[in-house]
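Colleague: One structure is given below, represented as structure tokens, and several questions about it will come after.
Bear in mind these aren't lab numbers, they're just calculated from the coordinates by the rules spelled out. Remember, it's a predicted structure, so these values are computed and weren't measured experimentally. Please note: Cβ atoms are built from the backbone with ideal geometry, for glycine as well, and neighbour counts cover all protein chains shown.
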Amino acid sequence: MIDLHCHMLPGIDDGASDVSVSLAMAKASVAQGITTVACTPHILPGLYHNTGPEIRQATARFQEILDKEGVPLRLTTGADVHIAPDFIDGLRSGRLLSIADSRYVLVEPPHHTVPPQLEDFFFQIVVAGYVPILTHPERLSWIPRRYEAIKRLVAAGVWMQITAGSLTGAFGRSTLYWACRMLDEGWVHLIASDAHDTTRRPQDLAAGYECAAKRVGFEEAQCLVLTRPMGVLKDQPPSSLPVPLRGADAEAETNPAEVKQSGEHDTLIRGHAGDLRGWSGRLRRLLKFQRSEK
């Protein structure tokens, strides 16, 4: 597997606090079958003032430590870049980083506020020749209100990356619901760990892969953690990579306004623990019942 979103570099953001934590995270990655990790610390004006050159230096230093310790993990550069007005200029100047200097760049929007002109912002990145990857949309508090916008972004060329822990329930029931729904409906391009440490936000990409395989099959799960990530590292155009597959039980068209997070929603989430694929079947029956009532 390849992990394209991980806060493993020591002491550079809210991820690994020191080298010992970074080493433990690296060893946990190798134990799960991960061969390559993109080191993607936050770049957030006013809070995390990391720059491209600083991230490159920190990645090279930590790679030297891994090599000395005999940890067989390859590191590459990147950043978890927050939305900012000078985003494209920052990429062109090298102040901001794409993943492995490719056309693919992680973009993190605010968690609780919908940015103004969200779709236009991503459109400008696409026009500039990059492939923006919207990080963990399933964890955004505003996704229930703007789910149609998420789908329009995918149609416009934006990729979606969900967090492995979202599929295991580590971020709560609402996040689990949206992660499963996006996966079932074929809107997800990548799964990454977004690991920050060894306890609160540990490396769990293998668990996310297993959950995804139960929903969309092993072939698509491989695309989520290996085929597309490898294409990113090789800077292959999106058109040369497999498009996301939908879950077998996914609805062809789903109106998010019809999905009410009520008692039935709780039933859907409880069903995930026992039978992942049964979730979408119950959702389909719920939607048909609601339509019949109208």
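Colleague: Sequence-distant or interchain residues sharing an amide H contact under 5 Å with residue 78, placed H: which?
Modeller: 39, 100
Colleague: If a paramagnetic tag sat 7 Å from the Cα of residue 127 along the Cα-Cβ line, which residues of segment 84-116 would have the backbone N under 20 Å from that point?
Modeller: 84-93, 103-105, 107, 115-116
Colleague: Which residues does the label zone of residue 156 cover in segment 75-100, counting backbone N under 20 Å from a point 7 Å along Cα→Cβ?
Modeller: Inside the label zone: 81-92.
Colleague: Here's a follow-up. Under unit Cβ charges (Lys, Arg +1; Asp, Glu -1), what dipole magnitude, rounded to 20 debye, does segment 145-225 have relative to its Cα centre?
Modeller: Dipole about the Cα centre, nearest 20: 400 debye.
Colleague: Okay, moving on. For segment 2-249, with only Lys/Arg (+1) and Asp/Glu (-1) charged at the beta-carbon, what is the dipole magnitude about the Cα centre, in debye rounded to 20? Could you put the intermediate results ahead of the total?
Modeller: Values: 22 positive and 27 negative charges, 58 e Å.
Using Cβ point charges on Lys, Arg, Asp and Glu, segment 2-249 gives about 280 debye.
Colleague: Order the peptides 238-244, 33-39 from the highest to the lowest mean number of other Cβ atoms within 10 Å of their residues.
Modeller: By packing density, highest mean first, the sequence is 33-39, 238-244.
Colleague: Quick check for me: using +1 on Lys/Arg Cβ and -1 on Asp/Glu Cβ, what's the dipole size of segment 1-110 about its Cα centre, in debye to the nearest 20? Working shown, then result.
Modeller: Numbers: 8 positive and 13 negative charges, 56 e Å.
Here segment 1-110 has a charge dipole of around 260 debye.
Colleague: With viscosity set to 0.692 mPa s at 37 °C, what whole-number translational diffusion coefficient in µm²/s follows for segment 20-126 from Stokes-Einstein and a Kirkwood radius over Cα pairs?
Modeller: For these conditions, the coefficient is 218 µm²/s.
Colleague: Taking 8 Å as the Cα distance limit and 6 or more residues as the minimum spacing, I'd like the relative contact order of segment 18-175 as a percentage. Please list the in-between numbers first.
Modeller: On the way: 212 pairs, mean separation 26.8, N = 158.
For segment 18-175, the relative contact order is 17 percent.
Colleague: What are the residues whose amide H is under 5 Å from the amide H of residue 195, where those residues sit 5 or more places off or on another chain and H is modelled from the backbone?
Modeller: When sequence neighbours closer than 5 places are left aside, the close amide H contacts are 7.
Colleague: Right, another one. Taking amide H positions as placed 1.01 Å from N in the peptide plane, with prolines and chain starts having none, which residues 5 or more places from residue 105, or on another chain, fall under 5 Å of its amide H?
Modeller: 99, 131, 133
Colleague: Taking θ = phi - 60°, what integer Hz values does the Karplus form 6.51 cos²θ - 1.76 cosθ + 1.60 yield along segment 200-208, in sequence order, with x for Gly and Pro?
Modeller: 3J(HN,Hα) across segment 200-208, in whole Hz: 6, 10, x, 6, 9, 4, 4, 5, x.
Colleague: Can you give the extra length, in nm with one decimal, that the chain gains between residue 30 and residue 49 once fully stretched, where that is 0.36 nm per residue apart less the Cα-Cα distance?
Modeller: On the way: separation 19, 0.36 × 19 = 6.84 nm, distance 2.94 nm.
So the chain would gain 3.9 nm between residue 30 and residue 49.
Colleague: Would you kindly state how much longer the chain becomes between residue 20 and residue 64 on full extension, computed as 0.36 nm times their sequence separation minus their alpha carbon distance, in nm to one decimal?
Modeller: Extra length from residue 20 to residue 64 when fully extended: 14.4 nm.
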